[in-house]
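**Student:** Let me give you the structure first, and then I'll get to my questions.
The values are calculated or read from the model by the stated rules, or taken from the named source; none is laboratory data. Computed from a prediction, not measured in an experiment: that's the story for all the values here. Cβ placement follows ideal geometry from the backbone for every residue including glycine, while neighbour counts extend to all protein chains displayed. Keep in mind that these areas ignore ligands, DNA and RNA; they rest on the heavy atoms of the full protein, side chains included. Shrake-Rupley method; radii C 1.70, N 1.55, O 1.52, S 1.80 Å.
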Amino acid sequence: MYPITAKEVLADSIKKIEVTAPDIAKRAKAGQFVIIRVSSKGERIPLTIADKNEKNGTVSLIFQEIGKTTLALGRLNAGDSIMDIVGPLGHPTESVKHGTVVAIGGGVGAAEILPVSRMYRECGNDVIGIIGARTRDLVILEREMTGSCGRLFVATDDGSAGRKGFVTDVLKELIEKGDKIDLVYAIGPVPMMRAIANLTKPFGIKTVVSLNPIMIDGTGMCGACRVTVGSETKFACVDGPEFDGHQVHWDELIQRLSAFKVNENNATENYKRVCKCDQHA
Amino acid sequence: MRPTRINMPQRPARERARDFIEVNLGYSSRQAQEEAQRCLQCKTRPCVAGCPVGISIPDFIKAIAENRMPDAVKILKDKNSLPAVCGRVCPQEDQCEKKCVLLKSGHPVAIGHLERYAADWEKENDVSRQACAAFDVTEPRVAIVGSGPAGLTCAGELVKFGFDVTIFESLHDTGGVLRYGIPEFRLPKKILDYELNCLKKRGVKIFTNTLIGRTKSIDDLFSEGFEAIFLGVGAGLPKFMRVPGENLNNIFSANEFLSRVNLMNAYMFPEYDTPVPEGKRVAVIGGGNTAMDSARTALRLGASEVTLIYRRSKQEMPARVEEVHHAEEEGIKFAFLTDPLGYKGDERGFVKEVECLEMELGEPDESGRRKPRPVKGSNFVMPIDMAVVAIGLSPNPLLPRLTKGLETTDWGELKIDNDFMTTKKGVFAGGDIVGGETVIQAMGMGKDAAQSIKQYMFQKRMEC
């Protein structure tokens with residue numbers, strides 16, 4: 001069992017927990033993830049490591065409650081424990097000086113872009129951050145991102161915070177203004193990452209995306225996370241999770257992410273019903 | 001003495017094909033004694049030479065025949081840390097029983113069934129204090145990476161020598177392929193748990209959720225005070241055929257399909273959170289034990305038709321005869337001399353058919369098996385809603401990629417010398433990661449590696 005030492009509600013349905021896992025905290029690097037299991041009957045899901053505190057031996061996980069597992073995780077509080085956590089998994093983001101890096105996080109992806117932005121800045125890059133959300137209340141980590149980027153843009157679909165529009169609109173303006181961009185790094189919903197890759201491709205701007213397909217073991221054993229990159233099948237857990245956004249077969253990724261949608265929706269609805277019963281009791 | 005061997009009692013095919021309860025029932029005590037009395041107690045003991053872990057087979061069988069069961073258990077456990085597992089999953093027909101002099105009569109002694117009987121007897125008669133008694137665990141400290149058959153056997157041997165043994169496992173549960181790969185109906189988890197508990201009682205420490213290479217490096221383990229390390233990390237990456245449409249939904253590697261069901265208990269969804277599709281028309285690609293396990297698992301999940309597609313003929317199938325026989329009894333269909341060319345999906349990306357080509361057998365290839373070649377124009381389409389690809393594994397590159405000094409062969413297997421030592425000093429390896437293929441081969445290597453580790457530690461101490 002791995003105790004939760006702190007919990008914070010960042011926005012409606014977006015939560016942050018700190019989990020005691022000293023070995024992971026010691027070695028985790030930007031871009032890596034963990035696989036967790038909330039309880040003994042739970043599934044294994046991958047979550048990007050948002051931050052770590054080596055001294056306290058904790059890692060921070062930020063997640064949006066979208067299915068049964070994340071809902072169950074969101075109900076835990078400081079003092080509770082999760083059943084399993086393994087990591088850090090996947091290749092860390094390469095700490096290289098590219099020049100100017102545009103770091104884009106959509107939705108809960110802002111949590112994942114933060115350590116990447118910090119790392120790029122630490123190795124001498126000019127980092128331009130863009131974070132996007134549906135509406136003001138869902139914008140997370142704006143202050144932290146401001147501190148780790150040279151410039152930060154916020155975009156919301158309804159214009160309630162930052163500029164109205166998508167993160168791609170901001171990126172497009174930057175490109176059109178002629179800003180020199182050496183690398184775009186994007187993490188967030190698949191349609192967002194695809195739109196970014198489509199946008200940068202004609203300009204030949206190197207674009208790295210961090211993928212989050214279905215996984216079981218996360219160590220290369222099951223092949224659930226296979227993605228087509230270029231003409232090759234890759235395993236996101238050991239070959240990724242970062243890939244060249246211009247080479248990713250996006251339609252296939254979306255299709256594979258939907259493989260268990262019906263089961264997932266049923267499980268989530270059931271769970272919500274049961275939860276409500278608990279509250280009435 | 002009866003001339004024919006006593007068949008393993010098993011549950012009727014119709015009854016068992018829809019649940020996950022064990023197929024084989026095991027001998028009764030009378031059956032076990034009668035079968036044991038068939039052993040000729042040959043002076044030359046050819047069967048022992050056929051056993052990768054060198055069990056004193058005639059001795060444990062004699063003990064059963066004379067109803068000295070505690071002795072039978074002791075003899076077995078002296079050489080084999082996991083007899084209840086081996087009695088169920090070892091291909092005895094290719095090993096000890098193949099060397100039995102009674103083979104000429106067509107009825108070798110049922111060594112595997114007797115091994116299972118003795119191991120189960122121990123479990124049911126609570127002699128665990130004798131057989132699993134704690135050894136005096138002291139130094140030196142050895143780390144075992146991976147809790148599959150190779151690692152567990154190596155650990156079991158090393159505690160016998162009085163070593164302080166710690167196993168690191170990357171998954172949340174122990175047993176490796178014995179847990180995630182082999183289904184409940186062939187190897188019940190409680191049997192595995194029992195054997196694991198014996199090891200723990202004998203002083204073996206186990207840490208799950210620890211992926212060596214990522215959570216800790218090999219060098220971290222040395223700095224923590226481990227003096228030798230055994231790598232039994234398994235084969236790893238599932239192979240795919242690289243045919244069009246293979247990434248459609250509901251096409252799984254056998255590892256994924258079996259892990260969902262065995263490790264994550266997906267057959268009990270929604271009580272357990274991990275889902276698995278209930279394919280109605282299922283194709284399983286491959287001819288090994290994993291293919292049989294996948295096909296029979298799909299059937300138990302509710303498939304109405306499961307077809308095993310294998311590109312050679314029945315004769316060349318690497319699966320155990322018993323497994324093929326069980327699969328046939330349960331109604332698995334076999335498409336021999338058939339090769340999948342590709343898959344097509346529906347508008348939502350779920351597989352709906354597999355296109356196949358018929359094959360014929362040509363000249364023998366380097367493996368000695370006749371090489372299949374396509375029959376022109378024989379293409380046909382099989383409608384399916386799920387496929388499981390069980391054509392083998394390639395070595396997981398993670399650990400060698402992340403560990404300086406750990407060299408691999410051209411096939412990606414770890415290079416080892418005659419003493420199972422890798423190219424990194426003090427680091428030994430065995431099992432699938434060095435080219436093993438079966439549970440018992442992995443166990444044999446784990447056992448031999450333990451001897452080498454003992455030798456290595458002895459020398460190391462002398463040098464000090």
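**Student:** In Å and whole numbers, how far do the C-alpha atoms of segment A:56-187 stretch along each principal axis, longest first?
**Tutor:** Principal extents (Cα only, largest first): 50, 36, 22 Å.
**Student:** Let me ask another. Among the trypsin sites (Lys or Arg not before Pro) in segment B:276-360, which ones are in a DSSP loop with at most 16 other Cβ atoms within 10 Å of the Cβ? Mind listing them?
**Tutor:** Numbers: sites: B:LYS280, B:ARG281, B:ARG296, B:ARG300, B:ARG311, B:ARG312, B:LYS314, B:ARG320, B:LYS333, B:LYS344, B:ARG348, B:LYS352; in loops: B:LYS280, B:ARG311, B:ARG312, B:ARG320, B:ARG348.
Counting only loop positions with at most 16 other Cβ atoms within 10 Å, the trypsin sites (Lys or Arg not before Pro) in segment B:276-360 are B:LYS280, B:ARG348.
**Student:** If DNA, RNA and ligands are ignored and the probe is 1.4 Å, what is the ranking of B:ASP410, B:ASP59, A:ASP126, B:ASP164 by accessible area, most exposed first?
**Tutor:** Working: B:ASP410 155, B:ASP59 60, A:ASP126 100, B:ASP164 30 Å².
Ranked list, largest accessible area first: B:ASP410, A:ASP126, B:ASP59, B:ASP164.
**Student:** Once you mark the GluC sites (Glu not before Pro) that are in a DSSP loop and have at most 15 other Cβ atoms within 10 Å, what is the longest gap between them in chain A?
**Tutor:** Numbers: sites that count: A:GLU54, A:GLU94.
With a cap of 15 other Cβ atoms within 10 Å, the longest stretch comes to A:95-281.
**Student:** I would also like to ask the following. Against the globular-protein guess of 2.2 N^0.38 Å, express the Cα radius of gyration of segment B:13-125 as a ratio, rounded to two decimals. Show your work: numbers first, answer last.
**Tutor:** Values: Rg = 13.8 Å, N = 113, 2.2 N^0.38 = 13.3 Å.
Ratio of Cα Rg to 2.2 N^0.38 Å: 1.04.
**Student:** A further question follows. Can you give the accessible area of B:SER223, probe radius 1.4 Å, in Å² rounded to 10?
**Tutor:** In the full protein context, B:SER223 sits at about 100 Å².
**Student:** Which entries in A:LYS177/A:LYS201; A:LYS29/A:LYS261; B:LYS371/B:LYS424 show an alpha-carbon gap greater than 27 Å?
**Tutor:** Details: A:LYS177/A:LYS201 17 Å; A:LYS29/A:LYS261 31 Å; B:LYS371/B:LYS424 39 Å.
As for pairs spanning more than 27 Å Cα to Cα, those are A:LYS29/A:LYS261; B:LYS371/B:LYS424.
**Student:** Determine ³J(HN,Hα), in whole Hz, for all residues of segment B:92-97 in sequence, where each value follows from phi through the Karplus function 6.51 cos²θ - 1.76 cosθ + 1.60 and θ = phi - 60°; x replaces Gly and Pro.
**Tutor:** Per residue, the Karplus-derived 3J(HN,Hα) values read 4, 5, 9, 10, 4, 5 Hz.
**Student:** How many percent of Cα pairs in segment B:240-391 exceed 18 Å?
**Tutor:** Numbers: 6509 of 11476 pairs.
I get 57 percent for the Cα pairs in segment B:240-391 exceeding 18 Å.
**Student:** Can you send over the carbon and sulfur percentage of the accessible area for the protein assembly as shown, probe radius 1.4 Å, protein chains only? Before the final figure, lay out each step's value.
**Tutor:** Numbers: 15180 of 30710 Å².
With neighbouring chains kept in place, the figure for the protein assembly as shown is 49 percent.
**Student:** Here is a follow-up. Percentage of Cα-Cα pair distances in chain B greater than 40 Å, rounded to whole percent? Mind showing how you got there, number by number?
**Tutor:** On the way: 23213 of 107416 pairs.
Beyond 40 Å sits 22 percent of the P(r) for chain B.
**Student:** Nearest-5 percent of antiparallel DSSP beta bridges in the protein assembly as shown? List each step's numbers first, then the result.
**Tutor:** On the way: 54 of 110 bridges.
Roughly 50 percent of the DSSP beta bridges within the protein assembly as shown come out antiparallel.
**Student:** While we're looking at this one, here's another question. For segment B:363-432, which trypsin sites (Lys or Arg not before Pro) are in a loop by DSSP, counting at most 15 other Cβ atoms within 10 Å?
**Tutor:** Numbers: sites: B:ARG369, B:ARG370, B:LYS376, B:ARG401, B:LYS404, B:LYS415, B:LYS424, B:LYS425; in loops: B:ARG369, B:LYS376, B:LYS404, B:LYS415, B:LYS424, B:LYS425.
Qualifying residues, ordered by number: B:ARG369, B:LYS376, B:LYS404, B:LYS415, B:LYS425.
**Student:** So what's the back-of-envelope 222 nm ellipticity for chain A, counting only DSSP H runs of four-plus at -39500 (n - 2.57) apiece and dividing by all residues, rounded to 500?
**Tutor:** Working: 9 runs with 87 residues, N = 281.
Computed ellipticity for chain A at 222 nm equals -9000 deg cm²/dmol.
**Student:** To the nearest 10 square angstrom, how much accessible area does B:PHE163 have with a 1.4 angstrom probe?
**Tutor:** 20 Å²
**Student:** Could you give the angle, 0 to 90 degrees to the nearest 10, between helix A:109-122's Cα long axis and the longest principal axis of the Cα atoms of chain A?
**Tutor:** Taking the Cα atoms of chain A, the angle to A:109-122 is about 50 degrees.
**Student:** Filter B:LYS74/B:LYS123; A:LYS180/A:LYS234; B:LYS62/B:LYS189 down to the pairs with a C-alpha to C-alpha distance above 20 Å, please. Walk me through the numbers before you get to the answer.
**Tutor:** Values: B:LYS74/B:LYS123 13 Å; A:LYS180/A:LYS234 31 Å; B:LYS62/B:LYS189 29 Å.
Going by Cα-Cα distance, A:LYS180/A:LYS234; B:LYS62/B:LYS189 fall outside the 20 Å limit.
**Student:** Could you go through segment B:403-413 in sequence order and give the Karplus-derived ³J(HN,Hα) for each residue, using 6.51 cos²θ - 1.76 cosθ + 1.60 with θ = phi - 60°, rounded to whole Hz, and x for Gly and Pro?
**Tutor:** Those phi angles translate into 10, 5, x, 9, 8, 10, 6, 4, 8, x, 7 Hz.
**Student:** Still on this structure, please answer the following. Mind checking the angle between helix A:190-200 and chain A's longest principal axis? C-alpha axes, 0 to 90 degrees, to the nearest 10.
**Tutor:** Long axis of A:190-200 versus the principal axis of chain A: about 10 degrees.
**Student:** Hey, can you grab everything whose amide H is under 5 Å from the amide H of A:THR58? Only 5+ residues off in sequence or another chain; H modelled, so Pro and N-termini drop out.
**Tutor:** Under 5 Å from the amide H of A:THR58 lie the amide H atoms of A:ALA21, A:ASN53, each far enough along the sequence or on another chain.
**Student:** Here's something else I'd like to know. Sort B:ILE391, B:ILE212 from largest to smallest accessible area, using a 1.4 Å probe on the heavy atoms of the protein chains. Don't skip to the answer; put the middle values down first.
**Tutor:** Details: B:ILE391 65, B:ILE212 10 Å².
Sorted descending by solvent-accessible area, the residues read B:ILE391, B:ILE212.
**Student:** Which value in Å does the Kirkwood hydrodynamic radius of the protein assembly as shown take, with 1/r averaged over all unlike C-alpha pairs and then inverted? Working shown, then result.
**Tutor:** Values: mean 1/r = 0.0360 Å⁻¹.
When all Cα pairs of the protein assembly as shown are included, the Kirkwood radius is 27.8 Å.
**Student:** Would you please name the trypsin sites (Lys or Arg not before Pro) within segment B:31-71 that are DSSP coil residues with at most 15 other C-beta atoms within 10 Å of their C-beta?
**Tutor:** B:LYS43, B:ARG68
**Student:** Send over the per residue convex hull volume for segment B:134-201, Cα only, as a whole number of Å³. Write down the numbers at each step before the final one.
**Tutor:** Details: hull volume 5.1 nm³, N = 68.
Per residue, the Cα convex hull of segment B:134-201 comes to 75 Å³.
**Student:** What's the longest bit of chain A with no exposed trypsin sites (Lys or Arg not before Pro), using DSSP loop states and at most 10 other Cβ atoms within 10 Å as the test?
**Tutor:** Details: sites that count: A:LYS55, A:LYS177, A:LYS180.
Value returned for the longest uninterrupted segment is A:56-176.
**Student:** Once amide H atoms are placed 1.01 Å from N in the peptide plane, what residues at a sequence separation of 5 or more from B:ILE206, or on another chain, have their amide H within under 5 Å of its amide H?
**Tutor:** Amide H to amide H, under 5 Å and 5 or more residues apart or across chains, B:ILE206 pairs with B:ILE167.
**Student:** Accessible area, 1.4 Å probe, largest first: how do A:TRP250, B:TRP121, B:TRP411 sort? Don't jump to the answer; show the numbers that get you there.
**Tutor:** Values: A:TRP250 20, B:TRP121 55, B:TRP411 195 Å².
Greatest to least solvent exposure: B:TRP411, B:TRP121, A:TRP250.
**Student:** Scanning chain B for helices, which whole DSSP H stretches are 20 Å or more long along the axis (Cα) and average -0.5 or more by Kyte-Doolittle?
**Tutor:** Details: long enough: B:111-125 (21 Å, -1.32); B:439-463 (36 Å, -0.44).
Length and hydropathy pass: B:439-463.
**Student:** Out of residues 5 or more away from B:VAL389 or on other chains, whose amide H comes under 5 Å of its own, with H placed 1.01 Å from N in the peptide plane?
**Tutor:** B:PHE252, B:SER253, B:ALA254, B:ILE285
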